[in-house]
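The values are calculated or read from the model by the stated rules, or taken from the named source; none is laboratory data. Quantities reported herein were computed from a predicted structural model and do not represent experimental measurements. Positions of Cβ are generated from backbone atoms using ideal geometry, with glycine treated the same way; all protein chains shown enter the neighbour counts. For accessibility, only protein heavy atoms count, side chains too; no ligands or nucleic acids. Shrake-Rupley method; radii C 1.70, N 1.55, O 1.52, S 1.80 Å.
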Amino acid sequence: QVQLVESGGGLVQPGGSLRLSCAASRRTFSIYAMGWYRQAPGKQRELVALITSGGNTSYADSVKGRFAISRDNAERMVYLQMNSLKPEDTAVYYCNFNPIQSAAWGQGTLVTVSS
């Protein structure tokens, strides 16, 4: 069974930065597109950043220019650098494959942006 473990969340002031990490156990990790998703209280989970197996990236309009997704295939890691954080970025952040593999959801990591 694939295991995805997210880390790096926390409490940060508006305008601050955080770097999230996701560790994947799947040996064939490098062939998959990966995404960072988030779920805010009372809202549906949404895709915020995507990176293909070849390293191409795309972002939701709400985070474009502030967030950057990257991956290290040798270490089976995916990262999300989040800058200029806003209160509306508050959510639990998850990584998963793209398309989503339902059985792969981890516990997520909570990001709270508040003064």
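Rounded to the nearest 0.05, the FRET efficiency derived from the C-beta distance between Arg45 and Ser70 at R0 = 30 Å is 0.90. For the chain, carbon and sulfur atoms together expose 46% of the accessible surface, with a 1.4 angstrom probe and every protein chain in place.
Roughly how far apart, in whole Å, are the Cα centres of segment 46-76 and segment 1-38? That distance is 10 Å. If the chain linking Ser17 and Ser58 were pulled fully straight, counting 0.36 nm for each residue of separation and taking away their Cα-Cα distance, it would gain 12.8 nm.
In this simple spin-label approximation, Val5 and Gln107 carry label points 7 Å from Cα along the Cα→Cβ vector, and these lie 1.0 nm apart. Restricting to DSSP loop positions (anything but H, G, I, E, B) with no more than 14 other Cβ atoms inside 10 Å of their own Cβ, which trypsin sites (Lys or Arg not before Pro) remain in segment 62-105? Those satisfying the criteria are Lys64.
Heavy-atom accessible area, probed at 1.4 angstrom with all protein chains present, ranks Met82, Met77 as Met77, Met82, highest first. Modelled spin labels at Ser114 and Ser84, positioned 7 Å past Cα toward Cβ, are 2.5 nm from each other.
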